[in-house]
1. 5 Å is the cut-off here: which amide hydrogens, built 1.01 Å from N in the peptide plane, fall below it relative to residue 437, excluding neighbours closer than 5 in sequence?
2. To make sure I understand, if each residue's beta carbon is the centre and we count other beta carbons within 10 Å, what order do 437, 314, 51 fall in, fewest to most?
3. Would you please put 145-151, 501-507, 446-452 in order of how densely packed they are, using the mean number of other Cβ atoms within 10 angstrom per residue and starting with the highest?
4. What translational diffusion coefficient, in µm²/s and rounded to a whole number, does the Stokes-Einstein relation yield for region 90-194 at 20 °C and a viscosity of 1.002 mPa s, taking the hydrodynamic radius as the Kirkwood radius over Cα pairs?
5. Long-range amide H contacts for residue 448: which residues qualify at under 5 Å (H placed 1.01 Å from N, peptide plane, sequence gap of 5 or more or a different chain)?
6. Can you tell me the order of 477-483, 152-158 when each peptide is scored by its average per-residue count of other Cβ atoms within 10 angstrom, highest first?
7. Net charge within 15 Å of residue 238 by Cβ-Cβ distance, Lys/Arg positive one each and Asp/Glu negative one each, not counting residue 238 itself?
Amino acid sequence: MPDHGRVATRRRARQSYGQAEPHGRHRTRSKHSLRRRLAFIFAAAVAFTALALALSAYFITESAQEDDALDKALDQSRFNLYLADTKLLPADPQAADFTKLLDALEIRGDFATLIETKSGWFQSDLQVDPGLISPQLAARVAEQRLGYQTVGLPGQPAIAVGGRIRPDVAMYFFYPQGERLATLTQLRNILLIGGFILAVLGAIAGYWLARRLVSPVRAASIAADRMSRGDLHIRLQAGTDEFGVLAGSFNRMAENLQAKMDDLEAGQARERRFVADVAHELRTPVSALVGEASILQTRLEAGPGAYPPEVAHLAQMVAGDVARLRQLVDDLLEVSRLEAKAAETVMEWVDMGRFVRQLVAAHGWLEVARVDGTDELSLRTDKRRVERILVNLIENALHHGKPPVTIQLEYMPVEAGGDGIGTAASEAVAAEPASGLVAISVTDSGPGVPSAHLAHIFDRFYKADPSRSSSPGSGLGLAIARENARLLGGDLMAENADAGGAHFLLTLPAGQQTG
């Protein structure tokens with residue numbers, strides 16, 4: 001098999017030994033947690049609502065204050081113009097009269113005054129000057145109407161209101177808005193701080209609420225995960241709300257599933273007992289038949305001319321069928337022991353390179369082209385069961401594939417962070433910590449296994465070619481081989497080689513690596 005094909009097989013072999021997440025640990029939490037999303041949505045909704053309310057309150061207050069400040073400025077200006085025209089200015093005012101007017105107006109409110117006369121400008125404050133008055137405002141005042149505009153005084157804005165009291169006298173009043181704007185700024189800061197506090201409180205409340213809402217969902221997820229791994233005793237706390245109804249339905253499903261599984265296990269146990277009992281009861285008469293067929297065949301061979309050829313042929317067929325029946329009974333007994341976890345293992349250190357070469361030589365498999373691999377590749381395993389696996393694989397390759405057959409041995413270290421191999425081992429080998437895998441591959445040169453049959457090749461009594469129903473095999477060999485591999489803490493996989501031929505890979509836990 002080409003190297004890249006073996007690499008893919010080795011990768012699958014490592015994955016089958018717990019390189020994926022262990023069953024005893026819950027899966028990693030989703031990056032997009034429903035709890036976090038609900039908390040974020042709730043906090044965002046609270047923050048958006050608080051921001052919208054704060055902005056609305058601010059702009060409404062700002063608009064109301066602007067209208068109120070303008071109304072007060074206009075009312076105060078009308079009163080000032082009336083008072084100046086009727087009370088404070090004589091009919092023919094002089095410069096001193098305008099100075100007295102400014103002094104009189106200064107005590108009536110927090111505003112500055114600018115007076116335009118034919119002789120010049122009079123101002124109550126150095127901060128105000130004719131340059132602050134826009135042409136639009138001056139034109140409106142010239143039309144004998146009351147006008148206003150917003151101007152910028154040093155350090156603060158102000159509302160400028162102008163009016164004409166006499167043909168040659170115009171008055172402008174400047175009302176500072178710094179205090180009002182400072183109040184608005186303070187209100188804005190209070191609203192922003194309040195909105196931030198509400199957002200934080202909303203995030204906390206949202207997280208708490210999301211946790212309360214998602215807890216039943218998370219409990220159901222954990223329960224479903226445990227159920228998927230075989231724990232059918234898990235139950236959820238039922239209640240009267242929607243989650244409680246869901247929990248009740250889940251519990252009923254779990255109870256029904258547990259009942260079905262119990263019935264199925266009981267039925268399988270009965271079937272195993274039946275097969276074991278039948279195989280055990282058949283073993284004695286079949287052994288007797290084997291002995292009788294052997295005696296009959298021995299007599300036929302001793303006197304070949306004493307019986308007609310038809311009788312000799314029938315006797316040979318009977319002997320072959322009895323041998324097949326005995327092999328089938330032995331296989332059924334082996335399957336029963338494996339399923340009942342009653343199979344025993346005798347663990348010992350085995351030099352796999354030498355063992356495989358001796359096995360090939362002992363069986364006289366001349367069609368085995370070569371045995372490649374690391375010398376002195378040792379592992380602690382059950383030699384008898386490994387021999388049965390290899391014999392099955394090699395004979396299967398010779399009978400159903402095409403020679404030559406290649407056997408490859410190699411050592412595969414397990415990467416750090418894996419869960420090891422002991423999780424898949426039986427109690428006989430679970431205590432042996434594995435530092436890696438010993439991989440033994442058997443590849444023939446035939447056409448390979450049709451892809452439609454490859455997935456079922458390890459099923460019991462399954463034969464890829466239905467026409468081989470009369471072949472010597474019982475259809476249990478590969479199934480028993482895989483069960484034996486798993487009993488030893490390993491596994492057995494099959495695929496088609498890229499260059500043709502069936503490729504079987506046996507992996508076993510290595511207690512140590514030498515050589």
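1. Residues meeting the amide H criterion: 412, 414, 510.
2. 314, 51, 437
3. For the peptides 145-151, 501-507, 446-452, the packing ranking is 501-507, 145-151, 446-452.
4. The diffusion coefficient I find is 143 µm²/s.
5. Residues meeting the criterion, in which the H sits 1.01 Å from N, are 501, 502.
6. Going from most to least packed, we get 477-483, 152-158.
7. -1
Coordinate-derived values only; no laboratory data. The structure displayed is predicted, hence computed values, not measured ones. A quick note on method: Cβ atoms are made from the backbone with ideal geometry, for glycine too, and the neighbour counts reach across all protein chains shown.
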